[in-house]
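Shown next, in structure tokens, is the structure this report addresses.
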Amino acid sequence: MRNRFLSRSIWATVIAVLVLIVSGCAGKASEPAPSSGPTASPASASTDTPGTTPTPGQAITPTAALVPAEQSPAQKGVLYQDDFTDPKSGWPNAVAFDNYYIGYHEPKWYHVEVHVPHDKAVVVVPKKSFTDFTVETNVFTEPNNTAKTGDFRYGLVFRRSGNQYYAFTISPRTKTWTVLKSSPTGLAELKKGSSDSIQGLTAADTLRVDVKGAIFFFSVNGQSVGQASDSDYASGEVGFLVETFDSPRVHIHYGGITVREVQAPQLACTVVTPALNVRGGPGTNYPILTAAARGARLELLAHSPDGLWLQVRVEGSSQPGWVASSTDLVSCNVPVKDLPVRQP
């Protein structure tokens, strides 16, 4: 009798569980109601009238360590790479000068130290020229060997040939970034700004530069901070720059460098008027080549000296043309003033 009672109890429990499972599976899951997006406002009917005018040191060169021909899927597109875990990879090691020191730092850093105010050091990979590319590095300030006072900046050098190069630098004490252009006459600032994405002296920063033609895109820790344009230097080497202002000593650690095939966003505009004339030059006196309908995508190439016209290429066409730059006519993903200037 006791065994019979236990057997019935077990079967009752099993049946109850099955009933609960069936009931649960039969229920319908709730879903959030879709939200309604913003409604686009009607565009101006104007097709060709421009709007308002837009606001118009010696390097040390190591032996290049090239990426092997056989690459893993994760490395596809890599043009050059060094993680600085091997002191024999070709970069200068334990090289001391009166004003700076460079070399490997175990286990995986390359350090550049400048120990006088108002000076700089540039270290680049030689005999490996890049035209359009994406370059990235991870870098931080070593606090124990850096003066407690004074300002400095550091970052990436690109398209370098002799004393001609561009650079993207950050200052961790002021949280500012600067795009520089070096020429035989010295350093000039192409663009400057500030960003809270710069982590300062407490953590490493990832710096990235996307170089495509005469347009450069800059980001810090995955956040875009700005763009710049200049067409004077078309290709060159890549590397590092460290510069002091009033700081008597700064010690910077670079945690590797990677150069990949360019991954810059395409510069483009979208037509926001019913129809937009594409002309043979920057002015209404030039012949109409075609008309682009609302929503058509235009590849951005340059702007006219006065900023009133954009040189574009209509999607699906190989022939460039010109359209008025008014925001009533086109919506672009880059400021007009950041485009290269082109004469008709």
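When you go through (1) more than 23 Å from Lys181 (Cα to Cα); (2) outside the structural domain of Asn93 (by TED's automatic domain parsing); (3) out of contact with any Gly (no Cβ under 6 Å at 6 or more places or on another chain); (4) of a type outside the set (A, V, I, L, M) one by one for Gly255, which number turns out not to apply? So Gly255 meets the others, but not (2).
Picking from residues in the stretch 103-129 that are of a type in the set (Ser, Thr, Tyr) and part of a strand (DSSP E or B), the one that is farthest from the chain's Cα centre (by Cα) is Tyr104. Considering Gly155, Gly103, the condition of being assigned by TED's automatic domain parsing to the domain that holds Tyr233, of a type outside the set (Val, Ile, Thr) and more than 30 Å from Gln266 (Cβ to Cβ) is satisfied by Gly103 alone. Of the strands (runs of 3 or more DSSP E) contained entirely in the stretch 277-325, those carrying at least 1 residues that are under 22 Å from Ser229 (Cα atoms), not assigned by TED's automatic domain parsing to the domain that holds Gly213 and not aliphatic (A, V, I, L, M) fall at 297-303, 309-314, 320-324. A single entry from Asn285, Asn277 fulfils the requirement of being buried (at least 18 other Cβ atoms within 10 Å of the Cβ), over 25 Å from the mean Cα position of the chain (by Cα) and more than 28 Å from Gly200 (Cβ to Cβ): Asn277. When Ser326, Ser331 are screened for being closer than 12 Å to Val272 by Cβ and within 22 Å of the chain's Cα centre (by Cα), only Ser331 passes. Taking the condition surrounded by fewer than 20 Cβ atoms within 10 Å (Cβ to Cβ), assigned by TED's automatic domain parsing to the domain that holds Tyr104 and hydrophobic (A, V, I, L, M, F, W, C), does Ala203 pass? Taking the combined requirement at face value, the residue satisfies it. Of all residues in the stretch 326-335, those that are within 18 Å of Ser229 (Cβ to Cβ) and in a loop (DSSP other than H, G, I, E, B) total 3. Right, Val271: more than 30 Å from Ser304 (Cβ to Cβ) and surrounded by 20 or more Cβ atoms within 10 Å (Cβ to Cβ) or not? Considered against the rule, which asks whether it is more than 30 Å from Ser304 (Cβ to Cβ) and surrounded by 20 or more Cβ atoms within 10 Å (Cβ to Cβ), Val271 comes out as no. Is it the case, given these coordinates, that Ser235 is assigned by TED's automatic domain parsing to the domain that holds Arg153, buried (at least 20 other Cβ atoms within 10 Å of the Cβ), touching a strand residue (DSSP E or B) at 6+ places or on another chain (Cβ under 7 Å) and closer than 30 Å to Tyr154 by Cα? It is false that Ser235 is assigned by TED's automatic domain parsing to the domain that holds Arg153, buried (at least 20 other Cβ atoms within 10 Å of the Cβ), touching a strand residue (DSSP E or B) at 6+ places or on another chain (Cβ under 7 Å) and closer than 30 Å to Tyr154 by Cα. The lone criterion from (1) outside any strand (DSSP E or B); (2) farther than 30 Å from Tyr80 by Cα left unmet by Pro265 is number (2).
The values are calculated or read from the model by the stated rules, or taken from the named source; none is laboratory data. These figures come from a predicted structure and were not determined experimentally. With ideal geometry, Cβ positions are generated from the backbone for all residues, glycine too; neighbour counts draw on all protein chains shown.
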